[in-house]
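None of the figures in this text is laboratory data; all of them are computed from the coordinates on show. Everything numeric in this text was worked out from a predicted model, so none of it was measured. Cβ: placed from backbone, ideal geometry, glycine included. Neighbour counts: every protein chain shown.
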Amino acid sequence: MSLPTEPIGSIPRPAALLTGIADHAAGRIDKSALDGLYDDAVRDTIATLESLGSTVVTDGEQTKPSFVTYPLAGLDNLAPDGAVIPFADGHTRQLPRLAAGPFRYAARAGDYLRAAQRHASVPVKQAVIAPSALSLLYPQDPITGYSREEFLDDLVDEAEADIRDALDAGAHRVQLDFTEGRLSIKLDPSGGVLRSFVALNNRVLDRFTDEERARIGVHTCPGGDQDSTHSLDVEYAALLPDLFAINAGVFYVQLASEADPDAALAAVAAHLRPGQRVFVGVTDPIDPAVETPAQVRDRVLRAAEHIPPDRLGTCDDCGFAPFGDDTSTSRETAFAKVRARVEGTALAADALGV
């Protein structure tokens, strides 16, 4: 099959792991026992993805607290009262706030990748948080003795090191999660915040060679948490021109849950730059109904009306459980949707003769 298909990242954690996390927090089991549960969950996630026909896998983010906060665990210069992200159903997520400098990552994505590679027989991709998201950690009131400019310089260095560590460890692809892109337009309809995010991400990506950037992708979606989104009501066309100005080789674009996919696909086709490939979302993690392979096939064929097949791939719209405590989608449903994506993409490849 010449139409590539890849997962975005997170898979719901198994019940045994969720219980183990709670037991460890309560002091009922020690860290070694919890680490064993983490390793079991990673092994089972990868084995299941491979059994479903995935030729590229992830660790399902089984050991991350969330897709955004994994570099922060253990830092002692954070306060809990950072930026608040509101979702359409009324719930919120709150980021920490940087209370003092300097800013450093406490964990690197390459460590997750190397742990996953021990269990995989196919290539493994690695998701990382975009530096633009972590820029939200710096407070509106300047930190005494540590300016925002100094923070951004440190953030760029740390983000580069995070991506490079995963590339050097042999990641099939390093995927920057850029969910804040569409949200930024909701917060600032002028697009100024979005353009500043793009510029910051490019400060990092410009440190890589063309060959390295071909292995770096950017994921965009309107957020996905507890069966709700934070920016699905934002006009997609306002995001896409700036999205493809990011100096990456691959883009993962949510489309299955989009109200007007043809308009979005037309915008993608208009702004996709030479040498860039786009993976379109063909399964909706928030919708409890499992797509059929035929539905996936038809979504791919619609995309191929706008984008040449040799520049096209498929993905899920978003991760299935980007935050570790999100149990709104079952593990079984997530894997059923993955199966539909893999099988439906193969059907589309056959129909397209590629």
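For Leu78, the amide hydrogen comes within under 5 Å of the amide hydrogens of Ala99, counting only partners 5 or more places away or on other chains and with H modelled in the peptide plane. Taking a straight line from the alpha carbon of Lys186, not one of the lysines sits under 22 Å away once near neighbours fewer than eight places off in the same chain are left out. Isolated cysteines of the chain, defined as having no other cysteine beta carbon under 4.7 Å away, are Cys315. Near Gly313, the amide H atoms lying under 5 Å from its own belong to Val278, Phe279, Val280; only residues 5 or more places off or on other chains count, and H is placed 1.01 Å from N.
Compute the signed sum of charges (Lys and Arg +1, Asp and Glu -1) over the other residues within less than 11 Å, Cβ to Cβ, of Gln140. Mind dumping the intermediate values first?
Working: positive: Arg97, Arg148; negative: Asp141.
In short, +1.
Taking the average, over residues, of other Cβ atoms within 10 Å as the packing measure, peptides 172-179, 43-50, 92-99, 224-231 rank 172-179, 224-231, 43-50, 92-99 from highest down. Cross-link reach is defined here as a Cα-Cα straight distance under 20 Å, omitting same-chain residues fewer than 8 places apart; for Lys125 the lysines meeting it are Lys64, Lys337. Which of Gly20, Gly90, Gly60 ends up with the largest GNM mean-square fluctuation for the chain, with Cα atoms connected below 10 Å? Highest fluctuation of the listed residues: Gly90. Would segment 227-354 count as rounded, prolate or oblate if I go by the C-alpha gyration tensor, calling it rounded below 1.5 in a/c and otherwise prolate when a/b exceeds b/c, oblate otherwise? Verdict is oblate for segment 227-354.
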